[in-house]
Structure formats: structure tokens, C-alpha cells
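The numbers here are math on the coordinates, done by the rules we state, and not lab data. Everything numeric in this text was worked out from a predicted model, so none of it was measured. Glycine also receives a Cβ, built like all others from the backbone with ideal geometry; neighbour counts cover every protein chain displayed.
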Amino acid sequence: MRLALSIATDALAYGMVLFIISIGLSIMMGLMRVVNLAHGAFAMVGGYLASYAIRDLHVHYSVAILLAVLGTIIVSIPFELLLYRRIYRKSDPLIQVLMTIGITFFIIGVVNFIFGPSLKTIPLPALLSGPLDIGFRSVPTHRLFVIACGVVTALSLWWLIEKTEFGIKLRASVDHSGMADALGIRTEIIYAATFALAIGLGAFGGVVGAEILPIEPFYALRYMVTFLVVVSVGGAGSIMGALSASLLLGLADTTGKYLAPEFGEFFFYLTVIVIVFLFPHGLFGRAHA
Amino acid sequence: MTDIALNRVPHRRSIAFAQEGLGALAIVALGAVGWFLFPDDLAFLTRLIGLAFLVLSLDLVTGYCGIATLGHAALFGAAAYAAGIACVRGITDPLALLGIGIVAGALVGLISGALIARFRGLPQLVLSIAVGQLVAALANKLQWLTGGSDGLSGIAPGKVFGIFNFDMYSRTAFLFSLAILVVVFVALSRLVRSPFGLMCRGIKDDDLRARMIGVAVYPRLVVMYGVSGAVAGVGGALTAMSTGVVGLDSVSFERSAEVLVMLVLGGAGHLWGALAGALIFQIFEHIVAAANPFHWMTLVGLLLIGIVVFAPKGLIEPVLTLAHRLRKGRAS
């Protein structure tokens, strides 16, 4: 029982971190059809900025999150203007893969040149560190915080996409960008806004998930595959898909690590192969024309 | 596709060996330059040739069949481990080890090809990554067989043809690798101009049209994947023999990404492009990465972005255009 509860909390928290980071990538891949392997690199930039803000500028954790998200979006703007625009909705995945791997390498090199090649910790405020008693057991408060962040992210994204005018325009552009253009929706503005949203979510996830996925020099490369796998299993552009895939893969990975540590990764990727083979467009994805 | 149909159809059932002969001579000349000018760096040059096989092998599936893969190191690594394990367990003849590597590479190639070639686009990419990571996880966890994260060491192959010993200056290893590179390169030049190779190009350019004229697309892609695995296997076995160790880096995701960069740098869809990319990338890496690995990453990143934006067909394309123009000028 005790073990099952530890697995459940850890898996849920891990899954939520995966969700917060990957949902940005998922939206981007659903709308712009860009296989953005550099998404993890932007999450890493967020983590480095937050670490710098807390440890060197001594600001509060919440301010640091805000600074990190805004800072990462500002950093990403030149990339969007100069590079990503060229590859939106291009059919050839090879070009996208190459360019975004290039961006990843570039960001890793520059970030480590500026901040130094070492593990960056993001100190938690007193409120979030330590355990929290939930009646029959105590669990780490930070885990609960991450889970709450994930739930809030999922709900507000659902509201944004289903209930607002921006969401309507976004869905129209996903379904048929040419038609949306013809109806007077400025798709390039929708693209830019979605890009900023996706990068911001990635940076947010990178900061709040730093306890679970530590911010280190090769963060962007190490988790590049994981984020892509989550999106591909869930189906690009689907909130439900990304959420269920994150939780499923989080559970598979965490359970594997607890119960059969020697073969954890093996089962993780075996699951991925089976799912992608059976559902090439992901669990909740749609085939694009 | 029309371009190929009009210009590249073989006129006779067999083609003369002239072009392959020139290619072989060029490789031998390059090898001689390495042998005489850099006698102290032969170990590095041998490693370079080993990876060049992997780039050639990737070119067969990515450049000639249009399959985007980020898990190609699996074929290379599986062959390297197979040859290494066989060597540690007592088979020491280099040619036999090479054969084991080829068989292992081809097998892994056929299996992963059967999985990956079914799809296009994102599912294909993710499957290739997952297959690569699966092999990497196995190599890491089957510690009793592969040595796990310590790597498999103690690979001491016997003499080539029973005469030439693998020496510490890598002289034998270098010449052996170079000779096999020539053989493989000639064979591959024939393969890519054969009806089978041309049909693979056709599938790459327009698989729907290929299907419409009655081509069985999937089996061809799987066979090409098998061939590609065999070529990667040559490289894996040679690298295992010449370095004496097989580490987890030989199956890693980074290795797969790196060879894709090399291929695109040189120019996918040309065997010379693959070789040029492998050569240029690794020489630069040898010089810059030794100074500072992070500067190297920045540089590679900029290089990749530059290639995609300014020269999406690789460095070989301007050379080919120039050669084409020269030939035309002579004809008129």
C-alpha cells in the first residue's frame, strides 16, 4: 500500500511535469506542424533563468517563475522571426528535425558558455519544501504543487482553446489554414502567439519540474526524445491526448523504475513502439491531410 | 522523378566500371594523403572511416529512400557489440568478425526497417528514435553480455589473413578499413544505379506515384534497410576491432543525430556527399571539440541552421553543379 502510494504520487507528479512541458510542443505540432526538437532547450533556458534569478538576484520563487517564462519568450522571439517561420507547415520532417537540432545545439552551447557547465538548482521556498500531512500519510509538498500546476494548466488551456475567440481562430487555423486566411484570420499572428504560448509553457514546466527533471548542461538533449514521444503517443494538438500520454508514460516509467529498475527504459520504449505502431497518429490525434 | 526517368536510365543491362574505378582511386588517394601526411593520427583516421560507413548506410535510407531516422546508431552499435562479444568469446579472425558484424547489422536493419518503413512523417521519426533507444537500453542493461555502462573491453582480434597484426599505431587497422571502404563504396555505387536503387529514388520522390505504377513500396524499403544495416555493420565491426572497446556511445541518440548532421552537411542522396560530410565534420570535431566541447556544440548548431537555410542540399551540390556545367561546356 505504502509502495503503491509512493509510486502513484511520483508517477502523477512526473506525468504532470511531462504534461506541462509537452503540451506546448503538442499545440505547436498540431498547429504549425513543426517537429520542434528544440522545445526542451527552451525549457532549459527557463530553468537556467529561474536559477539565476533566485540564487543571484534573490527574488521570490513566484517572481522567478514569471521572470523565467517572460525571459524565455523574449529569447525565443528572434528564433521565431528568423528561423521557425521558414519551416511552419513544411511537409518534410527532415528539414525541421535538422533545423531544430541545430537550434538545440546552439542554445546548449551558448547557455553553458554564459552560465557555466554545472548542475543548476532552483531552491524552493519554505512553503513548498518539506512534507505535507494528508491524513494517513505525508507526501512531499512540492509533488502536490506540481500536480496542482498541471491541473491548472490543463484547465486553463481547455478554456483558452474551447471558450475564447483566440481559441476559435486557433482551431480554424489548425483545421484549414488557407481557409482561415481567406476568412480574414491573420494566421501569422496566431502562429506567433501560439509559439510564444508554447515556449512559455515549456519554460514554466522546466522551472516547476526542476526537482524531478534536474536542470543540467545537457537537459535539452536528454529529454528531447521524451517530450517528442509524449506528443507522438498522445496525438499532436490534443490536450486530452497529451495529458493521458504524459500520465501513462509517467506511470510506465516510474513503475518500471520502482519495480524493475534494470529494465525501466526498455519497457518505456517498448510501450512507445507498440502504441505508435497501433495508433500512428497518437491516442487522441487526427490524421492530417 | 521525371528527371531520373529521363536522364538516369541505364542504357545497357550492365554498366561499365569506369565511374566506380575513379571513385575507388579517389578514396585510395585520400587514404594515401592521410597515411603519409598524418602518420601519428592513424587511429583517429581509422575511427573516421568506421563512422563513414555509418554515414553511407544512413544515406541509403535517408538520402535514397527518404526515410527520416534518428535511430540509425542502433544498427552500428548492434554490429559493434556482436563483433566485440564474438571476439571476446574466442572468434578472433578479423574477416569472420566482419561477417558477424554484417549479419548482425543486416538483421537489426531488417527488423527496424520492417517497423519504421510502414509509416511516414512523425510516426516514422518517433518509431526510429524508439527503436534506437530500445537497443541502447538493452546494451546498457544486459551487463553480463555487453559490459553495460563500463563498455565491452578486451577485444583483441587476430591477424588479418593470418599475416598482419593489429598494431598500436593502427597501421593495419587503417589499411584494412580503407580497403574495405573501397570495396563497399564500389558495391554501393553499383547498387544505387541498379534498377532497384533507381526505384528506391523514385519512391523517395513520390511514393504515391510509385504505388500507382504497381511498385511494391514497403518490401523495397525494408530490403534497402537491410542493406543499410549490413553497411552499418561493417563500420561497427571495424570500429570494435580497431579501438578494442565498444561503449554505450556507439548506440546513443547523440551518435544517431551526429551522423545525420554529417550526412546533411555533405549532401544526402549522394554517396560522395556522405563521405565528404563524414570527413569534414569529424576533422573539425577533432580540432574544435578538443579545445572546448560547448564551443563545438554552438558551432555545430550554427552550421546546421546555416545548411538548412542556405544550402539544404549539402556541400556537394555546388560541386555537382560546377561539374555539370563544365561537362556541358565541353559538349557544346
Taking 0.36 nm per residue of separation between B:Ser194 and B:Leu208 and subtracting their Cα-Cα distance, the length gained on full extension comes to 2.9 nm
Report, in deg cm²/dmol and to the nearest 500, the calculated mean residue ellipticity at 222 nm for chain A, where each DSSP H run with n ≥ 4 adds -39500 (n - 2.57) and the sum is divided by the residue count.
-> -24000 deg cm²/dmol
Quick one: Cα centre-to-centre distance for segment B:273-297 and segment A:1-67, in angstrom?
-> 32
Pull up all non-local amide H partners of A:Leu132: gap of 5 or more, or a different chain, and H-to-H distance under 5 Å with H placed in the peptide plane.
-> A:Val139, A:Thr141
To the nearest 0.05, how large is the calculated FRET efficiency for B:Asn292 and A:Asp175 if R₀ is 35 Å and r is the Cβ-Cβ distance?
-> 0.15
Volume of the Cα convex hull of segment A:191-289, divided per residue and given in Å³ | 118
Give me a single rounded figure for A:112-120: the average over its residues of other chain Cβ atoms within 10 Å of their Cβ.
-> 2
Based solely on its DSSP helices, what 222 nm [θ] is calculated for chain B when runs of n ≥ 4 H residues each add -39,500 (n - 2.57) and the sum is averaged over all residues, nearest 500 deg cm²/dmol?
-> -24500 deg cm²/dmol
Can you pull the semi-axes for the protein assembly as shown, root of five times each eigenvalue of the Cα gyration tensor, sorted largest first, whole Å?
-> 43, 30, 23
In nm, to one decimal, how far is the A:Phe166 label point from the A:Leu127 one, both placed 7 Å along Cα→Cβ?
-> 2.5
Under the Kirkwood approximation applied to all pairs of distinct alpha-carbon atoms, what is the hydrodynamic radius of segment B:124-255 in Å?
-> 17.6
Give, rounded to the nearest 20 debye, the magnitude of the charge dipole that the protein assembly as shown has about its Cα centre when Lys and Arg contribute +1 at Cβ and Asp and Glu contribute -1 at Cβ.
-> 1580
Rounded to the nearest whole Å³, what is the per residue volume of the convex hull around the Cα atoms of segment A:47-88?
-> 65
Of all alpha-carbon pairs in chain B, indicate the percentage at a distance above 31 angstrom.
-> 31
Given N residues in segment A:1-146, what is Rg(Cα) / (2.2 N^0.38 Å)?
-> 1.24
Cα to Cα, under 18 Å, and not fewer than 8 places away if on the same chain: which lysines meet these conditions relative to B:Lys159?
-> none
More than 26 angstrom apart: percent of Cα pairs within chain A = 43
Report, in degrees rounded to the nearest 10, the 0 to 90 angle that the Cα long axis of helix A:239-259 makes with the longest principal axis of chain A.
-> 30
With the Cα gyration tensor of segment A:86-147 in hand, convert its eigenvalues to equivalent ellipsoid semi-axes via √(5λ) and list them largest first in whole Å.
-> 40, 20, 8
Can you pull the mean other chain C-beta count within 10 Å for peptide B:114-122?
-> 4
Once you charge only the Cβ atoms, +1 for Lys and Arg and -1 for Asp and Glu, what is the size of the charge dipole of chain B about its Cα centre, to the nearest 20 debye?
-> 1240
Largest first and in whole Å, give the semi-axes of segment A:149-244's equivalent ellipsoid, each being the square root of 5 times a Cα gyration tensor eigenvalue.
-> 28, 15, 13
Suppose every K and R has +1 on its Cβ and every D and E has -1 on its Cβ; what is the size of the dipole of chain A about the Cα centre, in Debye to the nearest 20?
-> 260
Could you state the number of Å between the C-alpha centres of segment A:214-253 and segment B:228-259?
-> 28
Where Rh denotes the Kirkwood radius from the mean inverse Cα pair distance, what is Rg over Rh for segment B:175-332?
-> 1.00
Tilt relative to chain B, helix B:73-88 - C-alpha long axis, 0 to 90 degrees, to 10 | 30
Points 7 angstrom from Cα along the Cβ direction at B:Ile283 and B:Lys159: gap in nanometres?
-> 3.5
Within 10 Å of each Cβ in peptide B:258-271, how many partner chain Cβ atoms are there on average? Round it to a whole number, please.
-> 1
Alpha-carbon centroid distance for the pair segment A:150-196 / segment B:21-68, whole angstrom | 49
If one takes the longest principal axis of the Cα atoms in chain A, at what angle in degrees, from 0 to 90 and to the nearest 10, does the Cα axis of helix A:187-208 lie?
-> 10
Per residue, the convex hull enclosing the alpha carbons of segment B:107-174 has a volume in Å³ of 158
Rounded, prolate or oblate: which one fits segment B:159-218, using the alpha carbon gyration tensor with axes a ≥ b ≥ c (rounded when a/c is under 1.5, else prolate when a/b beats b/c, else oblate)?
-> prolate
Give me the distance in nm between label points sitting 7 Å out from Cα along the Cα-to-Cβ direction at A:Glu188 and B:Leu95, one decimal.
-> 6.4
